[in-house]
1. Within the stretch 61-103, work out how many residues are touching a helix residue (DSSP H, G or I) at 6+ places or on another chain (Cβ under 6 Å), part of a helix (DSSP H, G or I) and not charged (D, E, K, R).
2. Would you mind stating whether residue 111 is in a helix (DSSP H, G or I) and among the aliphatic types (A, V, I, L, M)?
3. Inside the stretch 79-92, can you point out the residues that are of a type in the set (Ser, Thr, Tyr) and within 14 Å of the chain's Cα centre (by Cα)?
4. Which residues, taken from the stretch 24-54, are under 16 Å from residue 114 (Cα atoms), crowded, with 16+ Cβ neighbours inside 10 Å and out of contact with any Phe, Trp or Tyr (no Cβ under 9 Å at 6 or more places or on another chain)?
5. If you check 43, 80, which single one turns out to be among the polar types (S, T, N, Q), out of contact with any Ser or Thr (no Cβ under 8 Å at 6 or more places or on another chain) and in contact (Cβ under 8 Å) with a residue 40 or more places away in the chain?
6. For residue 118, only one of the following conditions fails: (1) crowded, with 18+ Cβ neighbours inside 10 Å; (2) without any contact (Cβ under 8 Å) to a residue 60 or more places away in the chain. What is its number?
7. Among the residues of the stretch 101-113, which ones are surrounded by 15 or more Cβ atoms within 10 Å (Cβ to Cβ) and in contact (Cβ under 8 Å) with a residue 40 or more places away in the chain?
Amino acid sequence: MNHKYYILTAVIFFVFGYSQVSAQEIFEKWSALDEYHVIMSQTFHPAENDNLEPIKTRSGDLVEKANLLAKSPIPVEYNTEEIVATVKKLQKETKALDKLVSDKKSTDEQIKQGIMGLHDVFHEIVGLCRQDDH
């Protein structure tokens, strides 16, 4: 009986894991999200290692891509109220981070927390795109 349980569990994990949309598939269908992702990746990963120079020099690029993302058509399979709202949130928080970077009184810790939070919102969008119930 235990053997059958483990096989069934493995099959269920395989089926659900296989049916889930990959981030790459999402980016292929939604080029504006992919363009945002490129800049996010180039600024977030260095910030994880306390290198804030990329976000300090490219926060304006993120704003540009966030604005383009907010104006771009959302692929029909991802076009839900929740995704639309989260894209608007991403745009707003991207602008706030750019303002934080521009403010000479901001600390590196504030900027790092800003990019970390922005990264979370970005992944919230990707996660919503992966849901099967839209």
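1. The number of residues fulfilling the criteria is 16.
2. On the way: in a helix (DSSP H, G or I): yes; among the aliphatic types (A, V, I, L, M): yes.
When the stated conditions are applied, residue 111 passes them.
3. Across the stretch 79-92, the qualifying residue is only 86.
4. 39, 43, 47, 52
5. Exactly one of 43, 80 is among the polar types (S, T, N, Q), out of contact with any Ser or Thr (no Cβ under 8 Å at 6 or more places or on another chain) and in contact (Cβ under 8 Å) with a residue 40 or more places away in the chain, namely 80.
6. Going through the list (1) crowded, with 18+ Cβ neighbours inside 10 Å; (2) without any contact (Cβ under 8 Å) to a residue 60 or more places away in the chain, residue 118 breaks only (2).
7. Of the residues in the stretch 101-113, the ones surrounded by 15 or more Cβ atoms within 10 Å (Cβ to Cβ) are 101, 106, 111-112.
101, 111, 112, listed by residue number.
Quick note: the coordinates plus some simple rules give every number you see, no bench work behind them. What you are looking at is a predicted structure, and each value in this text was computed from that prediction instead of being measured. No Cβ is skipped: glycine too gets one built from the backbone with ideal geometry, and neighbour counts run over all protein chains shown.
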